[in-house]
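S.K.: Following this message is one structure expressed as structure tokens.
The values are calculated or read from the model by the stated rules, or taken from the named source; none is laboratory data. Just so it is clear, the structure is predicted and the values come from calculations on it, not from any experiment. Glycine also receives a Cβ, built like all others from the backbone with ideal geometry; neighbour counts cover every protein chain displayed. Just the protein is used for accessible areas: all its heavy atoms, side chains included, with ligands, DNA and RNA removed. Shrake-Rupley method; radii C 1.70, N 1.55, O 1.52, S 1.80 Å.
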Amino acid sequence: MLIDTLGTDYEDTLVVISYHPYNTYQNPVAVAREAFYNTGLPPPYVIFDGTIVAWEQNPADYDSVFRHAIEVARTVIPYFNLYINNATASPSTGNLGFTIITADTIPEGEIIAYVAILQDSLPGSYITFQKVCQELYAFPLELTFPDTLDTALTFAHTIPVDKMSAVIFVQDTLSKEVMQSIGSSFQEE
């Protein structure tokens with residue numbers, strides 16, 4: 001399981017994405033993200049903000065493992081402000097409207113905005129998997145300060161609406177730093 005950002009004590013600001021490259025829920029997104037990070041560690045490893053890697057099997061220990069990184073991350077002034085304007089879905093189609101606003105001059109790099117569509121829980125052999133990424137949409141983010149991107153995504157899905165959520169995150173693909181993220185559950189249309 002790979003996690004970009006996490007937190008149980010800090011649910012107000014941190015979001016979780018789980019990729020499953022080796023099991024029942026393997027999909028091309030999971031395989032591609034594992035290759036992107038290329039940690040050399042066996043699962044389950046955890047990646048905080050795309051850059052700090054640790055091997056940790058118990059999700060209950062994530063906060064203690066990353067406590068210092070979490071405290072430091074909470075002091076960083078963001079390059080972006082992200083807003084989810086609407087997240088609605090029918091049993092087969094999802095609609096996600098969001099806004100990305102630059103908050104400062106963006107550093108050089110290859111900045112990509114991602115939209116991860118998650119299933120809140122899926123049963124495993126020994127544990128229940130949380131926040132499983134079912135789809136990942138990506139697009140280059142070519143904004144300069146003070147630009148704004150206001151957009152919407154419509155997508156097909158098979159996830160029960162009450163178990164579906166989304167995470168939008170902006171990542172520098174050269175440094176692998178997750179620069180900002182936001183999450184939301186979906187409301188049934």
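S.K.: If you go through the range 169-189 one residue at a time, how many are part of a loop (DSSP other than H, G, I, E, B) and either open to solvent by 80 Å² or more (accessible area, probe 1.4 Å) or hydrophobic (A, V, I, L, M, F, W, C) (or both)?
M.R.: Of all residues in the range 169-189, those part of a loop (DSSP other than H, G, I, E, B) come to 173-177, 186, 189.
Filter once more, so that each one left must be either open to solvent by 80 Å² or more (accessible area, probe 1.4 Å) or hydrophobic (A, V, I, L, M, F, W, C) (or both): 174, 186, 189.
Within the range 169-189, residues that are part of a loop (DSSP other than H, G, I, E, B) and either open to solvent by 80 Å² or more (accessible area, probe 1.4 Å) or hydrophobic (A, V, I, L, M, F, W, C) (or both) number 3.
S.K.: With the structure loaded, tell me whether residue 51 is out of contact with any His (no Cβ under 7 Å at 6 or more places or on another chain), at pLDDT below 85 and among the β-branched types (Val, Ile, Thr) or whether it fails that test.
M.R.: It is false that residue 51 is out of contact with any His (no Cβ under 7 Å at 6 or more places or on another chain), at pLDDT below 85 and among the β-branched types (Val, Ile, Thr).
S.K.: Follow-up question, since we're still on this one. Anything in the range 86-116 that is assigned to a strand (DSSP E or B) and of a type in the set (Ser, Thr, Tyr)? List them, or say none. Let's see the steps before the verdict.
M.R.: First, the residues of the range 86-116 that are assigned to a strand (DSSP E or B): 86-89, 93-102, 111-116.
Passing the criteria: 88, 93, 99, 102, 114.
S.K.: Would you confirm whether any residue within the range 92-105 is closer than 20 Å to residue 145 by Cα and of a type in the set (D, E, K, R)? Spell out the reasoning first.
M.R.: Narrowing the range 92-105 to residues closer than 20 Å to residue 145 by Cα: 98-105.
Filter again for of a type in the set (D, E, K, R), leaving 104.
Yes, the range 92-105 has at least one match.
S.K.: What are the residues in the range 153-168 that are hydrophobic (A, V, I, L, M, F, W, C), open to solvent by 70 Å² or more (accessible area, probe 1.4 Å) and either under 13 Å from residue 113 (Cα atoms) or in a helix (DSSP H, G or I) (or both), if any? So that I can check it myself, show each step before the final result.
M.R.: The first filter runs over the range 153-168 and keeps only residues hydrophobic (A, V, I, L, M, F, W, C), leaving 153, 155-156, 159, 161, 164, 166-168.
Subsequent filtering for residues that are open to solvent by 70 Å² or more (accessible area, probe 1.4 Å) retains 156.
Result: no residue meets the conditions.
S.K.: Moving on to the next point. Would you confirm whether or not the range 114-130 contains a residue that is in contact with an Asp or Glu (Cβ under 6 Å, 6 or more places away or on another chain), of a type in the set (Val, Ile, Thr) and open to solvent by less than 60 Å² (accessible area, probe 1.4 Å)?
M.R.: Our first condition is that a residue be in contact with an Asp or Glu (Cβ under 6 Å, 6 or more places away or on another chain); within the range 114-130, this holds for 117.
When the remaining residues are screened for being of a type in the set (Val, Ile, Thr), the result is 117.
Next, only the ones that are open to solvent by less than 60 Å² (accessible area, probe 1.4 Å) stay: 117.
Scanning the range 114-130 turns up at least one residue that is in contact with an Asp or Glu (Cβ under 6 Å, 6 or more places away or on another chain), of a type in the set (Val, Ile, Thr) and open to solvent by less than 60 Å² (accessible area, probe 1.4 Å).
S.K.: Hey, another quick one. Run down 106, 100 and say which single residue is buried (at least 20 other Cβ atoms within 10 Å of the Cβ) and out of contact with any helix residue (DSSP H, G or I) (no Cβ under 6 Å at 6 or more places or on another chain).
M.R.: Numbers: 106 fails: buried (at least 20 other Cβ atoms within 10 Å of the Cβ).
Checking each option against the conditions leaves just 100.
S.K.: Still on this structure, please answer the following. Residue 6 is checked against (1) part of a loop (DSSP other than H, G, I, E, B); (2) modelled with pLDDT of 80 or more and fails just one. What number does that condition carry?
M.R.: (2)
S.K.: Within the set of pairs 6+ apart or on separate chains, which have a first residue in the range 98-122 that is more than 20 Å from residue 135 (Cα to Cα) and in contact (Cβ under 8 Å) with a residue 60 or more places away in the chain, a second that is of a type outside the set (S, T, N, Q) and exposed (fewer than 15 other Cβ atoms within 10 Å of the Cβ), and C-beta atoms under 7 Å apart?
M.R.: 109/174; 110/174
S.K.: Out of the residues in the range 52-85 meeting the condition of being under 17 Å from residue 41 (Cα atoms) and assigned to a strand (DSSP E or B), tell me which one is least open to solvent (accessible area, probe 1.4 Å).
M.R.: 54
S.K.: Please go through the range 126-148 and give me each residue that is assigned to a loop (DSSP other than H, G, I, E, B) and touching a residue at least 40 places away in the same chain (Cβ under 8 Å), ordered by number. Please lay out each step first, then the result.
M.R.: Within the range 126-148, the first condition is being assigned to a loop (DSSP other than H, G, I, E, B), and the residues that meet it are 126-127, 141-147.
Result: 141, 143, 144, 145, 146, 147.
S.K.: Quick one: is residue 139 exposed (fewer than 14 other Cβ atoms within 10 Å of the Cβ) and among the aromatic types (Phe, Trp, Tyr)?
M.R.: Working: exposed (fewer than 14 other Cβ atoms within 10 Å of the Cβ): yes; among the aromatic types (Phe, Trp, Tyr): yes.
So residue 139 fits the description; yes.
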